[in-house]
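Below you'll find the structure, written out as structure tokens, and then a few comments.
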Amino acid sequence: MSTSSDLAHAKLLSPKRNTSMAMSVEALSNEQLLHFGIDPKSDYGQALSSLTQHLYHAQIDVQHLWRVTSETLAGLDKQDKVAYFNAKKFLSFQIAKILDTLQNPFRATYQSLSKQSGSQVSKSHYPLFDNVTALFSATPVVVRTATYVYACTEWVDDAFQGKESTHQIYSRLLNPTNISLANAIVDLEAGPYAADYLAWNFNSGMAAIDALLSNVLGHGDVIVVSRNVYGGVYQLLHDFFARENRLDVQLEWFDGYSADEFAGFLHQAREKHAARLAQGKALHVYIESPCNPHGYVLDVAGISKLAHEHNHLVMLDATLATPILHQPLQRVDKAERPDYVVHSYTKDICGSGATTAGVVIGENYRMFQGKGDCANGYDWSRTMFWDVYYIKGAFLDSEKAFDVLNGMKTLEMRIMNKVINTTVFSQFLASHPDLNVNCHAVAGHANETLRKSQLRHGWPCALFTVDMEGASLNRDTFVRFFDALEPAFSHQVSIGQNNTIILCPALTSHSELDKNAQQKSGIYLTTMRVAMGTDNVKELIAHFINSARLHIDPVVPGFSNQFMSVQQIDELYIQTCREVSEQHFASAGSIKAMLV
């Protein structure tokens, strides 16, 4: 034993980790044998003592290996990094092989405790070591269990205190598949800063948002909210959190998109609620970018920086961007990053339309700390895990987590396809003089500049709206036209799937808003929300034209002839495919950089 810190690391493996009086590895081994009633002088005791001492030394060596890795990794060339990785990979197989070798004597001992006869004939086996080979599954393992086996009293006590992350208690709190997804989304969203962030997964996007707001908001707080948030969020804020007999949260609706607009609005909100703020109430910011239903982009970096100048928390719903279009947690200037990022996995990240799920990502100290800890002046009891996740039960089960993980594998290529389709279809629609297309992919759109500055490659969001108010259609004509858009356009209420989905927000997703609120949001009866899929956009265009010929031309003669020509559509499609593909593949980096 070289240092007291080495002994401290070794004690983590002891069944008496919190009460051990041992001062050496040998003493730790003797304590362990006595704890389980093993005579250290017996043949079994001597063999077990030798093995446990090796394990304690291995724990110390692993800690040394981690320290050396941390100190040297940044300065290594690619060849050495490959060597480091593969050496550790093989080490994992060696450790697993030891566990697997232990399986036979472990099972034999268990079987010797019962004769498996009479009423006990159906007694199940002990599955602990059956799972060893699953460690090397090429895809995340779907762990379908409600509970877990305890190691010993002190270990499970630490687990309940949040101080033993590998000793899971209950799948409602932690599940290996769920954790795998949380790690994957943090890596994708935070990139080089992933070590600073943690995620909690929920059973739906709205469950994630409710958890976040429940964790952040206090009674009488003020929250500045961007106007065009998802309708369900509006309802949650307006009908629950803002009710006087609930949390009496004061809502301030921000109609702008730029940092300059936000600066003025924030100043007004702070002045309006100065008395509340002086009493210790907090002001928070909740924004959605791109927002629903128009897909408009906000200056997230600029808004975050302004809010942080006054120590206001910023919450961002980035569902429509996905980490492919926007990665706000990778801003070099931390002040420009939102404090929390929310995604509805249900949409593009999963992509199948078969799973509802959501996630909240935040800095480690805000998301989890062991009981009794305090980091950055933030007490453990305020963290999302203990304050909300631990008690509300809106966790994500393993099957759904696996579905989302599978969807993430194809996310980037699906988004690229949707960018092409969105660009082509929106510009096709905008070529008609009677259609008003609210899509920042259209040249000259008010949100075009922010789209170019905020989103990766300046790519557009795959959600936008178009209204036909300029055509002065009566309700019957519009409804017949809209109903005819099936089957090319799916009449569904969700978004982010492979198929293109179209709906009327005034009658569906934003029906809870009154007519005045709808119009403030740019929503009319003839407004159609289009969520582009990965399908053949030229087939969609052809179906749209044919539906207009069938139901609109008899009422408005020549309506369908006012779109761009078929030759222009074909040229637009090829040109867009080339531009988007070149942007995507050119950003992969050079071989020279990858070899360094």
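A few notes on this one:
- Verdict on GLU252 being open to solvent by less than 30 Å² (accessible area, probe 1.4 Å), among the acidic types (Asp, Glu) and not in a helix (DSSP H, G or I): yes
- Any hit, the range 240-249, residues being open to solvent by 10 Å² or more (accessible area, probe 1.4 Å) and not in a loop (DSSP other than H, G, I, E, B): yes
- Residue list for the range 547-596, filter: of a type in the set (D, E, K, R) and more than 24 Å from ARG456 (Cα to Cα): ARG549, ASP553, ASP570, GLU571
- Counted residues, the range 343-353 - those being of a type in the set (Gly, Ala, Ser), under 13 Å from ASN203 (Cα atoms) and in a loop (DSSP other than H, G, I, E, B): 0
- Any hit, the range 316-335, residues being crowded, with 18+ Cβ neighbours inside 10 Å, without any contact (Cβ under 8 Å) to a residue 24 or more places away in the chain and out of contact with any Lys or Arg (no Cβ under 6 Å at 6 or more places or on another chain): no
- In the set GLY302, GLY295, only one residue is of a type in the set (Gly, Ala, Ser), within 17 Å of SER521 (Cβ to Cβ) and either in contact (Cβ under 8 Å) with a residue 12 or more places away in the chain or not in a strand (DSSP E or B) (or both); that residue is GLY295.
- Only one of TYR286, TYR257 that is buried (at least 18 other Cβ atoms within 10 Å of the Cβ) and under 21 Å from the mean Cα position of the chain (by Cα): TYR286
- Residues of the range 360-372 that turn out to be open to solvent by 20 Å² or more (accessible area, probe 1.4 Å) and touching a residue at least 60 places away in the same chain (Cβ under 8 Å), as a count: 5
- Residue within the range 211-234 that is crowded, with 18+ Cβ neighbours inside 10 Å, in a loop (DSSP other than H, G, I, E, B) and out of contact with any helix residue (DSSP H, G or I) (no Cβ under 9 Å at 6 or more places or on another chain) present: yes
- Selection within the range 500-524 - in a loop (DSSP other than H, G, I, E, B), in contact (Cβ under 8 Å) with a residue 40 or more places away in the chain and open to solvent by less than 60 Å² (accessible area, probe 1.4 Å): THR500, SER509, HIS510, LEU513, SER521, GLY522, ILE523
- Count of the range 525-573 residues, restricted to those that are surrounded by fewer than 20 Cβ atoms within 10 Å (Cβ to Cβ) and part of a loop (DSSP other than H, G, I, E, B), is 11.
- The listed residues are SER29, SER20, SER49, SER92, and the only one of them that is open to solvent by less than 70 Å² (accessible area, probe 1.4 Å) and not in a helix (DSSP H, G or I) turns out to be SER20.
- Tally of residues being open to solvent by less than 20 Å² (accessible area, probe 1.4 Å), among the hydrophobic types (A, V, I, L, M, F, W, C) and assigned to a helix (DSSP H, G or I) across the range 174-206: 6
- Extreme residue, farthest from the chain's Cα centre (by Cα), among residues of the range 160-199 that are over 18 Å from GLY393 (Cβ atoms) and among the small types (Gly, Ala, Ser): SER165
- Residue list for the range 58-78, restricted to those being open to solvent by 80 Å² or more (accessible area, probe 1.4 Å) and either in contact with a helix residue (DSSP H, G or I) (Cβ under 9 Å, 6 or more places away or on another chain) or of a type in the set (Asp, Glu) (or both): ASP61, GLU71
- Pair list, Cβ under 7 Å, 6 or more apart: the range 241-261 residue modelled with pLDDT under 95, other residue outside any helix (DSSP H, G or I): ASP255/ARG227
- Counted residues, the range 141-173 - those being open to solvent by less than 40 Å² (accessible area, probe 1.4 Å) and either touching a residue at least 60 places away in the same chain (Cβ under 8 Å) or in a loop (DSSP other than H, G, I, E, B) (or both): 11
- Qualifying residue in the range 272-279 (condition: open to solvent by 30 Å² or more (accessible area, probe 1.4 Å), assigned to a helix (DSSP H, G or I), under 16 Å from SER304 (Cα atoms) and in contact with a helix residue (DSSP H, G or I) (Cβ under 7 Å, 6 or more places away or on another chain)): no
The values are calculated or read from the model by the stated rules, or taken from the named source; none is laboratory data. Just so it is clear, the structure is predicted and the values come from calculations on it, not from any experiment. Heads up, the Cβs are rebuilt from the backbone with ideal geometry, glycines too, and the neighbour counts pull from every protein chain shown. Please note that ligands, DNA and RNA were not included when accessible areas were found on the heavy atoms of the full protein model with its side chains. Shrake-Rupley method; radii C 1.70, N 1.55, O 1.52, S 1.80 Å.
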